[in-house]
1. Using θ = phi - 60° and the Karplus relation 6.51 cos²θ - 1.76 cosθ + 1.60, list the HN-Hα couplings for the stretch A:190-196 in order, rounded to whole Hz, with x at every Gly or Pro.
2. As a check on your grasp of the helix formula, calculate [θ] at 222 nm for chain A: sum -39500 (n - 2.57) over DSSP H runs of n ≥ 4, divide by the residue count, round to the nearest 500.
3. Tell me, B:Tyr101, B:Tyr218 in order of fewest to most beta-carbon neighbours within 10 Å?
4. So what is the calculated 222 nm ellipticity per residue for chain B, using -39500 (n - 2.57) for each DSSP H run with n of 4 or more, over all residues, to the nearest 500 deg cm²/dmol?
5. Using Cα atoms only, what is the angle between the long axis of helix B:131-155 and the major principal axis of chain B, expressed in degrees (0 to 90) to the nearest 10?
6. Of A:Lys46/B:Lys159; A:Lys63/B:Lys155; A:Lys117/A:Lys186; A:Lys77/A:Lys236, which pairs sit farther than 27 Å apart, going by alpha carbon to alpha carbon?
7. For peptide B:159-165, how many partner chain Cβ atoms fall within 10 Å of a residue's Cβ, on average?
8. Which of A:Met80, A:Met111, A:Met158 ends up with the largest GNM mean-square fluctuation for chain A, with Cα atoms connected below 10 Å?
Amino acid sequence: MTLIIEHLSKQFTKNGNDIVDSLGDINVTIQDGEFICILGPSGCGKTTLLRIVAGLENPTSGKVLIDETVIDRPNPKLGMIFQDYLLYPWRTVNENIMFGLELRGIPKEEMVDVSQKYLELAGLSGFGTSYPYELSGGMRQRVAVVRALAVDPSVLLMDEPFGALDAQTRNRLQHDLLEIWDKTKKTILFVTHSVDEAVFLADRIVVLTPRPGHVCEIIPVVLTRPRDRTSVEFAKVRRYVLDLINQPKCSFS
Amino acid sequence: MNRSLFKVVSVWRKAFLKFLLPVAIIIGWEILAIVLNNPFILPRIGSVLEVLLHPFVDILGNGSLIGNAFISLGRVIAGFVVAAALAIPLGIGMGRSNTIYEFFDSFLQLLRPIPPLAWVPLALAWFKIGLVSMVFIIGMGAFFPILLNTLDGVKGVKKTWIEAAEILGARERQILSHVILPGAAPTIWTGMRVGFGIAWMCVVAAEMMPGTNSGIGYLIMSSYNWGQVNVIIAGIIVIGLIGIIVDYLFKVVDRRSFKWRELER
């Protein structure tokens, strides 16, 4: 699997006639199994970028290719996890996990098996018949992650999925996500505005400028996993990224 | 004061407040009835209870209280089902497609303020006296609350719910059946509850129209002609009770099936 983002730009029409540049000429090539974080300030168009990759929006120019196929609509190879309102509140945890399989007409017994497997992967065995409102925010996010995984996509797109959680839960889920990533060998494209999160998770960090967002720098993070947030090496990378986003070339366009 | 005692006192206080007015009305009624001493204006409570306690007894050849109540209920259900069968699909269509919305909106806005009973003469002219007329009038009453709530419910379905389904490979029909319908169901149900209430009001009034010869509304009107005010009052009480029972059933389903709505965030 290779995911290529090529000369991608996006403009919005605001109030009928004002044209706003949201993204300008993004180029990124993502290899199979990579963990990529897209880091940028609020309003730089990183969510828009992810939505275009997901096939939910069309770019103004340029294209996204997955294994040489142009993406212009949702594609079964791509799964997505949203920041908010991720689960269907009228469905139990099991039914949420099985949702994608149900749409594909997978037989019931098979769905139950898959659901069981992913419930375990999420560390939520025993919560299958619970409803989303009975779970904490962190647990809901775990369900959302495995619901996306249940249909076995090659790439997971994650839009600030841990943004609304408290720091402890957030750290825990980052850790668990890496474990799931390691087990399932998925490619992950993860949008965040947290430098700490990006350095902890990513193989490479794609730093975007403010609007119109374009790639300022792609930083490889060569720290071995599991990463220690308190280590000197971690702090060095973190420092580097923080310095970078304050430099004129990354903070102005 | 200890806590549980406080709670007991508050429960009793609540019960007392709730029953205070009905009890006062009953006592006032009985006193007034004795003073007036005219059963053609205000009958004694006993004579109303006499009718209520024998609901299966035929009243002056017009059938029994319960029998007529069930005839009315049957008519309401028929009109209500027709209204729901039209309003729910239309509401979903209007909620999902701007074209359908624009096409129907102005026409429906024009019909909406017309009271259902204003259709009575037209219904009689078109369908003559009978079930079809009744269903038409009742349906008119139930249609709009169901339509407007369905529209509201469909528009209120969160965009990310739909997008999440699209990402997982849902086609338009599946989005409808797996996301829109369950997501809008609580609001649609509220519309049906309101719609049924209005339909129930319509049937009673429609049955009072000339030419009808059954139903609780007819029974009341006919009892007026015979000067049987105690039957009128008993009939009114039955109408109220059935309304309360049906509304309660709607509420029970709502609480059981749509618990998620209250608890979601």
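1. 10, 8, 8, 10, 9, 4, 4
2. So the calculated ellipticity at 222 nm is -11000 deg cm²/dmol.
3. B:Tyr101, B:Tyr218
4. -26000 deg cm²/dmol
5. 40
6. As for pairs spanning more than 27 Å Cα to Cα, those are A:Lys63/B:Lys155; A:Lys77/A:Lys236.
7. Counting Cβ atoms of other protein chains within 10 Å of each residue's Cβ and averaging gives 6.
8. A:Met111
Throughout, read-outs are computed from the coordinates displayed, never taken from laboratory work. Since we're looking at a predicted model, the values are computed, not measured. Backbone-built Cβ (ideal geometry, glycine too); neighbour counts: all protein chains shown.
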